[in-house]
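What follows is a set of notes on a single structure, which appears directly below.
None of the figures in this text is laboratory data; all of them are computed from the coordinates on show. What you see is a predicted model, and the numbers here were worked out from it, not measured in a lab. Here the Cβ positions follow ideal geometry from the backbone for every residue, glycine too, while neighbour counts run over all protein chains shown.
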Amino acid sequence: MNDTATPRFDLSVVVVNYNGRAWLEGLLPDLERYVKQSRFQVEVVVVDNASTDDSLAWLETQTGLRLIRSNVNGGFAYGNNLAIKTINSRHICLLNSDTNVPDSLDLLVEYLDTEPTVGVVTPRIITTAGSLDKACHRGEPTPWASLTYLAGLERLFPRSRWFGRYHQGWSDLSTIHTIDACTGAAMMVRKAAIDQVGLLDEQFFMYGEDLDWCRRFREAGFSLIYHPGVTVVHHKYKSGLNGASADTRQTTKAWFYKAMLLYYDKHSRSKRGLFRAMLGLYVKLKG
C-alpha cells in the first residue's frame, strides 16, 4: 500500500476475533448502526485469529465488514497488525470483540481532527456491571506504581498521588484530560502517529502491547487523551479464551503478569535489581 495515497476512509474499526462468535453477534450490529449514521467514511475490519469454533464460517456470511483470515493465532498484537498493514484511513480504532458501542465514535474522530498533537484517544470504558474499567485510565507502570498496585495499596488509597499512580485515581473522570496509557480494548489512534511510531510489538501475546504502544507514542511526542464523552462497554475476561470458562480469569491474569515482566525488561535500563527480582518471583508464583 502506498502510504502517501489519499486516505480511503476517515476511520477503520479493527476487531480481532478468536472463538468469539457470541460476542461478535452483539458487537457487529452496534458497528453496523454506527457506520450507517456516521458523518464520516468508516470501515469495519475483522481479523479471525485462527478460531477453532464456528466463528470464521459465520463471519464469512456477514456483510458490512472486511474479513482477514489468519492461519495462526499469533496473539492480540499480531492480529491487529495484520489489519493495520492493510488500512488506508486517517484514524484506526481497536475494539475487543467482547465490547459494545452504545455511543457514536464520531466524537473521538472529531477530537483527533482538532488536536494534531494527540496520537491516541480512549473513550470511557465501563464493565458489564457499570463500573469504570480502570485499564482505560492508566499511568506509566513504573516500578513504584506497579509495586503499589500489586501490593494492593492502590485499592486501599485509590485517590492517593503516592499510592494510586497505576490508574491515576485522583483525576476527575468526567473531564477530558491527558493520561499515560490506556487499554487496547478500545482505543482510537491517529494513523500518521502509527506510521511514525510503528506497529504493535508482537512479543506481547496478550496484554502489555497497549502499554508498550502508549509509551512509544508518548516518547515520540504524541499526547494520549481520556475522553468521557464516548462510552464503550467491556465484558472483561470473556473473549479470546473459549468463552467464560471457570479458569478464564486466572489464565488472563497469568498472561497479564508475564506481560508486565516483559514490559519491564524491555523498558528498564537494568534487568537486575530488587524490583526486577521481586517482580520475577511474583510472576512465577502467579503463573
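In this label model, Q41 and D195 are separated by 1.5 nm, measuring between points 7 Å along each Cα→Cβ vector. The gain in end-to-end length when the L153 to T86 segment is fully stretched comes to 19.8 nm, 0.36 nm per residue minus the alpha carbon separation. The charge dipole of the chain, taken about its Cα centre with unit charges on the Cβ atoms of Lys, Arg (+1), Asp and Glu (-1) only, comes to about 1120 debye. Between A22 and T128, full extension at 0.36 nm per residue minus the direct alpha carbon distance yields a gain of 36.6 nm.
In this label model, T231 and R33 are separated by 1.3 nm, measuring between points 7 Å along each Cα→Cβ vector.
From its DSSP helices (H runs of at least four residues, each -39,500 (n - 2.57)), the chain gives a residue-normalised ellipticity at 222 nm of -10500 deg cm²/dmol. Principal-axis analysis of the Cα atoms of the chain puts helix 21-37 at an angle of about 60° to the longest axis. With a Cα cut-off of under 19 Å and a minimum spacing of 8 residues unless on different chains, the lysine pairs in the chain number 15. In degrees from 0 to 90, rounded to the nearest 10, what is the angle of the helix 248-267 Cα long axis to the longest principal axis of the chain? With both axes taken from Cα atoms, the answer is about 70 degrees.
For the chain, the residue among M260, L147, I194 whose Cα projects farthest onto the positive side of the dipole built from Cβ charges is L147.
Under a 10 Å cutoff between Cα atoms, tell me which one of G130, G164, G208 has the largest fluctuation in the Gaussian network model of the chain. Of G130, G164, G208, the Gaussian network model singles out G130 as fluctuating most. Could you pull out which residues in the range 90-118 have an amide N less than 16 Å from a spot 7 Å beyond the Cα of T6, following the Cα-Cβ vector? Hits in the range 90-118 for T6 at 16 Å: 90.
Remark: spin-label model distance A254-W162 equals 3.7 nm, labels positioned 7 Å along the Cα→Cβ axis. Residues whose amide H comes within less than 5 Å of that of D133, counting only those at least five positions distant or on another chain, are I125, I126, T127 (H built at 1.01 Å from N in the peptide plane). The GluC sites (Glu not before Pro) of the range 19-83 that DSSP puts in a loop, and whose beta carbon has at most 14 other beta carbons within 10 Å, are E60.
Converting phi to 3J(HN,Hα) with the Karplus coefficients 6.51, -1.76 and 1.60 and the offset θ = phi - 60°, the range 6-15 yields 4, x, 7, 10, 7, 8, 10, 9, 10, 10 Hz in sequence order, with x at every glycine or proline.
Checking the a/c ratio against 1.5 first, then a/b against b/c, what shape does the Cα gyration tensor give for the range 1-84? Can you show the working numbers first?
Details: a/c = 2.38, a/b = 1.26, b/c = 1.90.
Judged from the Cα gyration tensor, the range 1-84 comes out oblate (a/c at least 1.5, b/c at or above a/b).
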